[in-house]
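Structure first, commentary second.
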Amino acid sequence: MTLDEKAHQPLAELIAAGDSVDSLYSALKDAFEGERTAVSSADDLKALRDRWMGRKNGLIAAANDAWLKAAPRELKPQVGKRQNEIRQAIEAALEQAQNDVAALGRKREALDVTLPGPERRLGAKHPVRRTLEEILSIFRELGYSVAEGPEIESFFYNFEALNFPADHPAVDEMDTLFVEDKMLLRTHTSPNQIRIMEKTPPPMRYVVHGKVYRNDAPDATHSPMFQQLEVFCVDENITLADLKGTLEHFVRRFFGRGIKTRLRPSFFPFTEPSAELDITCVFCAGRGCRICKQTGFIELLGCGMIDPNVLRSAGLDPEKYQGFAAGFGLDRIAMNKYDINDISLLYNGDTRFLRQFR
Ligand code: DAH
């Protein structure tokens, strides 16, 4: 006879057949415990509850009728006690199972449904790019157009048209990398002055940016490829005052109002007069430090009034038009701005470095 059948069998008959009150109730308890460990969902739990505690057809109700109510008088106290015990034990176990199932449900939800997917790393804007964009926006406000030009350049645009004399040691000085005879990797962005002047009727105001190349041994301040920005303006009646005013405006917008500038005479073949623009040392605020060699100033860029020969080689009449030009290294400005002490960090693609600029 199965346990289920026994639960519906009058107690006296079961005892006559060899069972005892204790053995019957222990068998019930063992069966329940076996079934309870198999519960893993709310549906399982409901089936278990119905099977054991169902009011009409549950096993405990059946035992109540067949065993307790029908018990011979002398066994009633013992059966009543066992019946109570098992009912309470099962109720407590079902409550515990209810909590377990609810907790399991919450855990499943957290895993499956509401968790966002794994984080995707976004790229970061390169510090030189950030610097470039900031500078371009300052010049755009002043009405400058932005342009680019070829990185493989001719000897003519890179040197001759910029008034480098034929016997000028510039090719060596600028560590030029040749691609083939008379074609080279541009050593600066200045050839774009010529390219743009050839095609554009004055007045014109341009910012040209891009990569330039020199056969330099790499170290903390040199890279065989770096980036430059060229600023120039051509119109009637342009003077050194326009150059100075424009650069001072730029410097204050970019580095801050407290920054001072000074022009130091210099030489470039494509400008006359030529100068270098120094600014208050951004590392020591002009007090003097190792980086500015105690002068309180650092060199920022080269500039000057566009040489009449340059205007002429681009087909413009220097009697009618004048211009100013300035050129600087973007890398150096980015390094000043973000306190970067080695240019190779800008170009070796180490994401641990680049991530910081998100
Ligand atoms: N082309 C120069 C260089 O690469 C920088 C420069 C100096 C550009 C003076 C200019 C300028 O436009 O006026 O070293």
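The values are calculated or read from the model by the stated rules, or taken from the named source; none is laboratory data. The model shown is predicted, which means the values in this text are computed figures rather than measured ones. Here the Cβ positions follow ideal geometry from the backbone for every residue, glycine too, while neighbour counts run over all protein chains shown. These area figures cover heavy atoms from the full protein model, side chains too; ligands, DNA and RNA do not enter into them. Shrake-Rupley method; radii C 1.70, N 1.55, O 1.52, S 1.80 Å.
Quick rundown of the values:
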| quantity | calculated |
| --- | --- |
| Calculated FRET value between ARG352 and THR200, using beta carbons and R₀ = 51 Å, to 0.05 | 0.70 |
| Peptides ranked, highest mean first, by Cβ atoms within 10 Å: ranges 42-51, 183-192 | 183-192, 42-51 |
| Cys residues of the chain counted as unpaired, since no other Cys beta-carbon is under 4.7 Å | CYS233, CYS303 |
| Value of D in µm² per second that Stokes-Einstein yields for region 3-108, Kirkwood Rh from Cα pairs, at 20 °C (1.002 mPa s) | 148 |
| Local electrostatic count at ARG205 - Lys and Arg +1, Asp and Glu -1, tallied over other residues with Cβ under 14 Å | -4 |
| Rounded to whole Hz, the Karplus (6.51, -1.76, 1.60) HN-Hα couplings of region 237-244, x for glycine and proline | 6, 7, 10, 4, 5, 5, 4, 5 |
| Loop-resident sites, region 36-131, for GluC sites (Glu not before Pro), counting at most 14 other Cβ within 10 Å (DSSP) | GLU119 |
| Potential extension, ASP44-SER137 segment - 0.36 nm per residue separation minus Cα distance | 26.7 nm |
| FRET E, pair GLU319, LYS244, Förster distance 22 Å, beta-carbon r, rounded to 0.05 | 0.40 |
| Difference of contour (0.36 nm per residue) and Cα-Cα distance, ARG51 to LYS337 | 95.3 nm |
| Spatially proximal aspartates and glutamates relative to LYS69 (Cα-Cα < 18 Å; intrachain offsets below 8 disregarded) | ASP4, GLU5, GLU13, ASP19, ASP22, GLU85 |
| Area of PHE178 that stays accessible when all protein chains are in place (1.4 Å probe, Å², to 10) | 100 |
| Debye, to nearest 20: dipole size of the chain, +1 on Lys, Arg Cβ, -1 on Asp, Glu Cβ | 1640 |
| Alpha carbon centroid spacing (whole Å) that separates region 227-247 from region 5-80 | 101 |
| The chain - share of DSSP beta bridges that are antiparallel (%, nearest 5) | 95 |
| Coil-residue trypsin sites (Lys or Arg not before Pro) of region 83-135, DSSP, other Cβ within 10 Å capped at 16 | ARG120, ARG121, LYS125 |
| Whole-number accessible area per residue in Å² for the chain, which is evaluated in the context of all protein chains at 1.4 Å | 55 |
| Most fluctuating residue given options VAL128, VAL79, VAL179, as computed from a GNM of the chain linking Cα atoms under 10 Å | VAL79 |
| Net charge contributed by nearby residues that have their C-beta within less than 11 Å of SER274 (K/R +1, D/E -1) | -2 |
| Coordinate range along principal axes, alpha carbons of the chain, Å, largest first | 133, 48, 38 |
| Mean Cβ neighbour count within 10 Å, used as a protection proxy, ranking 302-308, 52-58 highest first | 302-308, 52-58 |
| Given charges at beta-carbon only (K, R positive; D, E negative), |dipole| of region 3-108 in Debye | 420 |
| Region 1-64, Cα convex hull volume normalised per residue, Å³ | 73 |
| R0 of 35 Å, Cβ-Cβ distance ASN99-ASP4: FRET efficiency to nearest 0.05 | 0.80 |
| Cα-based equivalent ellipsoid, region 101-169: semi-axes from gyration tensor eigenvalues, Å | 60, 17, 9 |
| Accessible surface of region 3-108, 1.4 Å probe, proportion on carbon and sulfur as whole % | 50 |
